[in-house]
Amino acid sequence: MKLRSVLSRSKVIKIKKFPTVSIGHTNQTRSMSTIENVSFPPTQAELEKLQGSDALPEKFRRDIHSRIFVNRSVNLDNIQYFGYDMDYTLADYKSPAFEELSYGLSQGKLIKKGYPKEIGDLKYDPAFPVRGTFLDKKYGNLLQLDNFGFILRCVHGKKVIQRDTDEVKVFYPDNTISPNDIGSRYYCFDTLFGLSEACLYAQLVDFFEKNLKIEFTDLKDNTSSFNYWSLFDDLREATHESHMDGSIKDTILKDISKYIKRNDKLALLFHRMRQQGRKVFLMTNSEFNYTNAVMSYLLDNIRDDYPSWRTYFDIIITNAMKPRFFLEGSSLREVDLEKGTLSLIQPTKFERGKIYAGGNFRLFKALTGTQGGEVLYVGDNIYHDIIQTKRSRCLWRTLLIVREVDDEVKKWGDNGEVWKKLGSLEYLRAKTYQGQDINNDRLSGDETIKKHITETTGRLDDNFNKYFGSLFRSGTSESYFSNQVRRFADLYSSDHLNLLNYPLYYYFSSLPMLLPHEREAVHAIQRGNSDEPFSPLPKANK
């Protein structure tokens, strides 16, 4: 729907007249009358006359639990193709049922590999793992990092090692890790698929150290003893094998409703998009047979005007091999729907109802005639679905699905008083320094405030997760995962179905990304304070 058609339905909304207000120290006043009878959307003439105001009504906000959050502005009116990942995006796996399945299969494969059969008694703990944590293969620690690589939380086995203690400094003298070691020494559990693996690894460390009194070595290449690195390699192999040999998928398909949520609103979402002339495509790393079974479960027999799940999509790509799809990719092949085999001839166009395998971004762009900004891709994998679209200059717009957002929002509501206390402590700390400059000696009591801030931050973190804190931050420090979301995802939300809450001409407008000095300048404007900033240097005598 184009903007001009919306303008034709403009309506005038009466807004309460606000009193005049003082601006800064000049005692000027400004009337709000210019927006008393503004139409929505406003006309060109109204916008030309519009003045800034210090007393606007509160901006309209959608319900926080059904909202899409904005890092970078996106105009849905420009989006011609809406693309979707399948696993953990369209197919939302039920927790903890899915994690328990993956956990148990990995246990079984480790026992077959020669691990003690007693590890089969270990149970998945849904209260333990958090997405975005890093495993230090050298020391066997799970780490929550901030966006600069500093350690926010350190957990060995399931024991929390307090930050800034000698115990942590033995491992990390500078309380930080080297970014150059991410991907080699440090492995990131950055998807929900990694939760069961992180939990099992920590429990295996405890099992061997406490029960069997095995002393791990931190040497990767020491073949004479068991070490943290080899434990990771064995577990990574077992988990990967569970996905590749069909163990997980076969179990899911035998009782699909136990492991995957179904919501009939998905059919409505795609139907509404197609009604308004938008294209819809599916691009998943899963192979044809599993994709066909899962999507049939999600979409078949909902609407009479869509005889098969395939008819909801204009393009269906399986075995996409993301993130490789956004780099060199592979050959695009058509899938035989009866046999599941692949054609040797590369298609010259995409056809609705057909299924393809492989391909690459450049070929997709050529066959669809799209520019990067005309595609919005929705996925859950921060690296495969989001980061690589930016690094490869694909330029698709992105919507990251972070299922934990809804739970985090609820916990913010539950911990409002703790957050308020943290804010009060930060206020007291700032107030303590008021009027202080280089000529002042240390005030007694400032360390007490710092101690209370640390304790309150820890209390707030524990209320999210007692091992790792919030997925997004520790106190005022942003987590590594949070920084990736902010840097690379244009939009993010807890559920792809939240797109139903917005018109397809909606403009997602991002808030200004202000540097600290800009925030202070805006704050001065808002409080009407145009006085010169504080200077620690003595003023000259007049």
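Here is how the numbers come out for the structure above:
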{"read-out": "Burial order of peptide ranges 383-389, 40-46 (average beta-carbon count within 10 Å, highest first)", "value": "383-389, 40-46"}
{"read-out": "Average accessible surface area per residue within the chain, 1.4 Å rolling probe, Å²", "value": "53 Å²"}
{"read-out": "The chain, relative contact order [Cα under 8 Å, separation at least 6], %", "value": "21 percent"}
{"read-out": "Amide H contacts of Tyr88 (H built 1.01 Å from N, under 5 Å, at least 5 apart or other chain)", "value": "Tyr93"}
{"read-out": "Sorted peptide list for 96-109, 159-172, 492-505, criterion being average Cβ within 10 angstrom, highest first", "value": "96-109, 492-505, 159-172"}
{"read-out": "Computed FRET value (nearest 0.05) for Lys112 with Asp206, which takes r as the C-beta separation and R₀ as 22 Å", "value": "0.50"}
{"read-out": "Solvent-accessible area, 1.4 Å probe, carbon plus sulfur percent, for the range 257-319", "value": "39 percent"}
{"read-out": "Label selected from (1) 85, 67, 38; (2) 73, 60, 56; (3) 72, 70, 37, the criterion being Cα extents along the principal axes in Å as computed here", "value": "(1)"}
{"read-out": "Nonlocal amide H pairs with Ser479, under 5 Å, H built at 1.01 Å", "value": "Arg473, Ser474"}
{"read-out": "Distance (nanometres) between label positions extended 7 Å along Cα→Cβ at Ser510 and Asp300", "value": "4.2 nm"}
{"read-out": "5 angstrom amide H check on Asn141, placed H, neighbours 5+ away", "value": "Asp136"}
{"read-out": "Net length gained if the chain between Glu46 and Tyr383 were fully extended (0.36 nm per residue, minus Cα distance)", "value": "116.8 nm"}
{"read-out": "Local electrostatic count at Arg310 - Lys and Arg +1, Asp and Glu -1, tallied over other residues with Cβ under 12 Å", "value": "-1"}
{"read-out": "Accessible surface of the range 33-189, 1.4 Å probe, proportion on carbon and sulfur as whole %", "value": "51 percent"}
{"read-out": "Centre separation in Å (Cα based) which lies between the range 422-448 and the range 297-322", "value": "61 Å"}
{"read-out": "The chain, helix-only ellipticity at 222 nm - DSSP H runs n ≥ 4, -39,500 (n - 2.57), divided by all residues, nearest 500", "value": "-9500 deg cm²/dmol"}
{"read-out": "Peptides ranked, highest mean first, by Cβ atoms within 10 Å: ranges 288-294, 276-282, 210-216", "value": "288-294, 276-282, 210-216"}
{"read-out": "Calculated from backbone phi, Karplus (6.51, -1.76, 1.60) coupling profile of the range 96-106 in Hz, x at Gly/Pro", "value": "x, 4, 5, 4, 5, 5, 4, 4, x, 5, 5"}
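The values are calculated or read from the model by the stated rules, or taken from the named source; none is laboratory data. Predicted model, so just to flag it, every value in this text is computed and none were measured. When we count neighbours, we look across all protein chains shown, and the Cβ atoms used for this are built from the backbone with ideal geometry, even at glycine. Ligands, DNA and RNA are excluded from the accessible area calculation, which covers all protein heavy atoms including side chains. Shrake-Rupley method; radii C 1.70, N 1.55, O 1.52, S 1.80 Å.
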